[in-house]
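Reading through the structure tokens given below for one structure.
The values are calculated or read from the model by the stated rules, or taken from the named source; none is laboratory data. The structure presented is a predicted model; accordingly, all values stated were derived computationally and were not measured. Heads up, the Cβs are rebuilt from the backbone with ideal geometry, glycines too, and the neighbour counts pull from every protein chain shown. To get the accessible areas, we keep the full protein, side chains included, count just its heavy atoms, and leave off ligands, DNA and RNA. Shrake-Rupley method; radii C 1.70, N 1.55, O 1.52, S 1.80 Å.
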Amino acid sequence: MEHIELFFKSVFVDNMVFAYFLGMCSYLAVSKKVSTAVGLGAAVIFVLTVTVPLNWLLDQYILQEGALTWLGPEYAEYDLSFLSFILFIATIATMVQLVEIVVEKFSPSLYNSLGIFLPLIAVNCAILGGSLFMQSRDIASFDLALNYGFSSGIGWFLAILAIAAIREKIRYSNVPPALRGLGITFIITGLMAIGFMSFGGMLTGGGEETSSLEGEGIGAQIDPTIETTETAEVSTLITQE
Amino acid sequence: MALLSKKDGKLLMDPLADNNPITIQVLGICSALAITAQLKPSIVMAISVMFVMGVGNVVISLMRNIIPSKIRIIVQLVVVATLVIIVDQVLKAFAYELSKELSVFIGLIITNCIIMGRFEAFALANGTWRSFLDGIGNAAGYGLILVIVGFFRELLGSGTLFGFPVLGDPVEKTGLYAIGYENNGFMVLPPMALIVVGIIIWVQRSRNKALIEEN
């Protein structure tokens, strides 16, 4: 049950892109075509699934206060958590290098289409963000961390897939010249984020307030009518020819 | 600008408008949006990024001839991570509340695409002084957008600036609220950051037609 809850929470409620804007750079840059978006999304799922549990182990056995007790009782007082940024990013960079080598070997076409963006996964905020959120939310066990990494990856994948599909269609629409490209993508993403906020009450039955980033708990308080019109707008965008 | 030659001045001023890292180069959006619900965290974030970028660009530019190109990403990440740890520890020591509020987003400066982007595009190929100017200029351009977004979101969302009420008291119905003005609670929510940035892009590109994209 815990696993299912965490899965849906990370995919929909705490979606990397729509709730925290992580990984926006590659999200905006690689979402022009659905096929490349799928490739990058898959790479992100994979890297997140590997790095979050790895960093969980690092956090548990090296970084946290008292984590070094397995070395001996005299190490119990060390708190190395200030090193977490540098260790996390080193793990991530290594893993990305590995993925790059594997993809180049087994799928040259994917490698060519991802081009420059594969190394950029290393600096994709969603990857480091996954590890940092894992640390700050005190994820309790290894398999929960694995689940968290995988489901955040799925959430990111869904987001980039959706925006790529919309952008392919919006090419045929009459967008005001100054908004073309980046501007309209921002605004669509904003509308999609508003749509995703309607998932906020999914796991609490809508009764409790979801804790938003600002800690104000405003997530659940929006007028439902606003949400439905905005989601309807997004879905008309999707169906638009 | 007497200190700077014309070319150097351009390095510093260009990223503020026509080559803005957020609205034109599409870099560094990741951490830019989540913390702009209020003005204060936006400014702290802008200053932190300026420090990391200025110093980082200088360090990378000094090392540019000895970094093997194959492992340059890892070297860059280590340099940025070190600088960000410094920022994080300083904030924790002197502004604990604020560092709690910014939570993981200080750490995410490491993966801010602006920093890696400028290292790759500029510091690896240019001298120290010019790299420093480029870093400061780009961080200022980034900070400018952050401050604009933070200003509008805090003003329209909560009717305050830096936490001080500027439009009157919504409970006592003074100032603007006396004539029926209401705070737009929607502005405080995360999605509005995207839409505000979208509008900034719209305004900027309407004023400068050369920036309009094909599609």
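Between A:S198 and A:S173, the modelled label-to-label distance comes to 1.7 nm, taking each label 7 Å out from Cα in the direction of the beta carbon.
What does the net charge come to around A:A37 if you take all other residues with beta carbon closer than 13 Å to its beta carbon, with K and R at +1 and D and E at -1?
On the way: positive: A:K32, A:K33, A:R167; negative: A:E168.
Combined, the nearby Lys, Arg, Asp and Glu give +2.
Where the only charges are on Cβ atoms (+1 Lys, Arg; -1 Asp, Glu), what is the dipole of region B:1-111 about its Cα centre, to the nearest 20 debye? Before the final figure, lay out each step's value.
On the way: 9 positive and 6 negative charges, 67 e Å.
In total the dipole reaches around 320 debye.
Applying 1/(1 + (r/R0)^6) with r as the Cβ-Cβ distance of A:L57 and B:V58 and R0 = 30 angstrom yields a FRET efficiency of 0.25. A dipole drawn for chain B from +1 and -1 charges on Cβ atoms has a positive end, and of B:I114, B:I201, B:C30 the residue lying farthest that way is B:I114. Sorting B:Y181, A:Y148, A:Y61 on solvent-accessible area from highest to lowest, probe radius 1.4 Å, gives A:Y61, B:Y181, A:Y148. Of all lysines in the structure, the ones whose alpha carbon falls short of 24 Å from that of A:K32, not counting any fewer than 8 places away in one chain, are A:K169, B:K209. With N the number of residues in the protein assembly as shown, Rg(Cα) / (2.2 N^0.38 Å) evaluates to 0.97.
Projecting the Cα atoms of B:G157, B:S5, A:N174 onto the charge dipole of the protein assembly as shown, computed from C-beta unit charges around the Cα centre, puts B:S5 farthest toward the positive end.
Rounded to the nearest 20, the size of the Cβ-charge dipole of the protein assembly as shown about its Cα centre is 2020 debye, with Lys and Arg at +1 and Asp and Glu at -1. For region B:9-39, the residues whose backbone nitrogen is under 19 Å from a point 7 Å from the Cα of B:R207, taken along Cα to Cβ, are B:10-26.
Could you compute the net charge surrounding A:S152? Neighbours are other residues with a C-beta less than 13 Å from the C-beta of A:S152; K and R count +1, D and E count -1.
Residues near A:S152 contribute +1 overall.
Where Lys and Arg each count +1 and Asp and Glu each count -1, what net charge lies around B:G54 among other residues with Cβ under 15 Å from its Cβ?
Numbers: positive: B:R118, B:R130; negative: B:D8, B:D134.
With Lys, Arg at +1 and Asp, Glu at -1, the net is 0.
What does the helix-only formula give at 222 nm for chain B: each DSSP H stretch with n ≥ 4 adding -39500 (n - 2.57), the total divided by the residues, and the result rounded to the nearest 500 deg cm²/dmol? That calculation yields -19000 deg cm²/dmol at 222 nm.
Candidates B:L98, B:G54, B:I145 compared by Cα position along the dipole of chain B: farthest toward the positive end lies B:G54, with charges placed on Cβ.
Compute the FRET efficiency between A:A165 and A:E74 as 1/(1 + (r/R0)^6), taking r as their Cβ-Cβ distance and R0 = 51 Å, and round to the nearest 0.05. Please report the intermediate quantities before stating the final value.
On the way: r = 58 Å, r/R0 = 1.13.
About 0.35, to the nearest 0.05.
Within the straight-line cut-off of under 17 Å between alpha carbons, the lysines reachable from B:K92 are B:K40, B:K100, sequence neighbours fewer than 8 places apart in one chain being disregarded.
Diagonalise the Cα gyration tensor of region B:154-215 and give the resulting equivalent ellipsoid semi-axes, square root of 5 times each eigenvalue, largest first, whole Å. Kindly include the intermediate steps, with their values, before the conclusion.
Working: eigenvalues 210, 29, 18 Å².
Taking √(5λ) for each Cα gyration eigenvalue gives 32, 12, 10 Å.
Its Kirkwood hydrodynamic radius, worked out from the mean inverse distance over all distinct Cα pairs, puts region B:40-214 at 18.3 Å. If R0 is taken as 51 Å, the Cβ-Cβ distance between B:N65 and B:I148 corresponds to a FRET efficiency of 0.85. A crude spin-label estimate for the pair B:K10 and A:A90, with each label 7 Å from Cα along the Cβ direction, gives 4.2 nm. Using only side-chain charges placed at the Cβ, +1 for Lys and Arg and -1 for Asp and Glu, the dipole size of region B:40-214 relative to its Cα centre rounds to 580 debye.
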